[in-house]
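Here is the structure we will look at.
The values are calculated or read from the model by the stated rules, or taken from the named source; none is laboratory data. These figures come from a predicted structure and were not determined experimentally. Note that we place each Cβ from the backbone using ideal geometry, even for glycine, and neighbour counts take in every protein chain shown.
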Amino acid sequence: MNFFIAVIGGFLGVLLAIILFVAVIYFRLSASAGPGQMKELRNAFTHAKEIARDEYTRKKSVAGLTSLLEPRILKDFPEFNRDLLFSINEKNIRKILNCIEAKDISQIDNDSELVYVEPQIRAKIEDMKSNQINEKFDNIEFNRSAISSYTKDNGKATIRVSTSLGYYYNSNRKDKKSYSDIKKETRYTTEFVYVYDESKIKEKQLTISIHCKNCGAPINNLGNSYCEYCMAPVERINLKAWKMSSFKEDYNN
Ligand SMILES: [Zn+2]
């Protein structure tokens, strides 16, 4: 017990010394900082703002692993078409951004391309509604897409796509910068899933979630043609196709 008190005491002592040291430095600096230094400080601040603005308009790069990963995907899925995937990806991103802007899930509700990602977008829109958040994406333009990773195990294959794009962004969000006069250049990471063996997909490994349109219950068995809770018919999903399963803006790295 005495040892314990000694450790705490020692720790508090060191902490006090650090606080004292920082306080002395701070007061010395503020006493000696003349108008010149204050101007310098202001300049540094303006400079930091300019850097943030430059970063906002800088076209983002995408990880170019496509040439490395595409042959592996083609080996597993000979009918795989990269350009088709990229074009579906762009269409999906456009649809999702419009849906977020309108805060209206019904725009993608019955879209078979977006059946895996729909719950994520629905949750985002609910959150925006309850926090009175608005987001606007104008003049969406795509720069480039690349495949950044590929995995295949437990009955499903996943392709991750990195997409560089730009749009005029307007929002009242506090966690995201927006300038009304300059175009934002950003990057999105999306994932596409292909279920090649339904029987191997166990509940725990299921990263895609489907919900009943009638009662909202999760559909655990992807092969079901009706909801186990309310018996409403569930449209059979074509599992043997690449479908978007997640969607995320990837601005800061
Ligand atoms: Zn149901």
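Of the residues making up the range 81-109, those that are of a type outside the set (Val, Ile, Thr) and in contact (Cβ under 8 Å) with a residue 40 or more places away in the chain are ARG82, LEU85, PHE86, ASN89, GLU90, ASN92, ARG94, LEU97, ASP109. Going by the conditions given, is ASP138 within 15 Å of ARG94 (Cβ to Cβ), surrounded by fewer than 14 Cβ atoms within 10 Å (Cβ to Cβ) and of a type in the set (Asp, Glu)? Yes.
When we screen ALA157, ALA146 for residues that are in contact with a Gly (Cβ under 7 Å, 6 or more places away or on another chain) and assigned by TED's automatic domain parsing to the domain that holds LYS184, the only hit is ALA146. For the residues LEU85, LEU74, the requirement of being in a helix (DSSP H, G or I), crowded, with 17+ Cβ neighbours inside 10 Å and in the same structural domain as VAL234 (by TED's automatic domain parsing) singles out LEU85. Quick one: would you say ASN110 is at pLDDT 95 or above and either exposed (fewer than 12 other Cβ atoms within 10 Å of the Cβ) or not aromatic (Phe, Trp, Tyr) (or both)? Criteria not met by ASN110. Please specify each residue of the range 225-253 satisfying the condition of being free of Cβ contacts under 8 Å to residues at least 12 places away in the same chain and over 30 Å from the mean Cα position of the chain (by Cα). Once the filter is applied, which keeps residues that are free of Cβ contacts under 8 Å to residues at least 12 places away in the same chain and over 30 Å from the mean Cα position of the chain (by Cα), the range 225-253 yields SER225, TYR226, GLU228, MET231, PRO233.
Pairs meeting the criteria (first residue in the range 44-59 and in contact (Cβ under 8 Å) with a residue 12 or more places away in the chain, second residue of a type in the set (Asp, Glu), beta carbons under 6 Å, at least 6 apart or on different chains) are THR57/GLU185; ARG58/GLU185; LYS59/GLU185.
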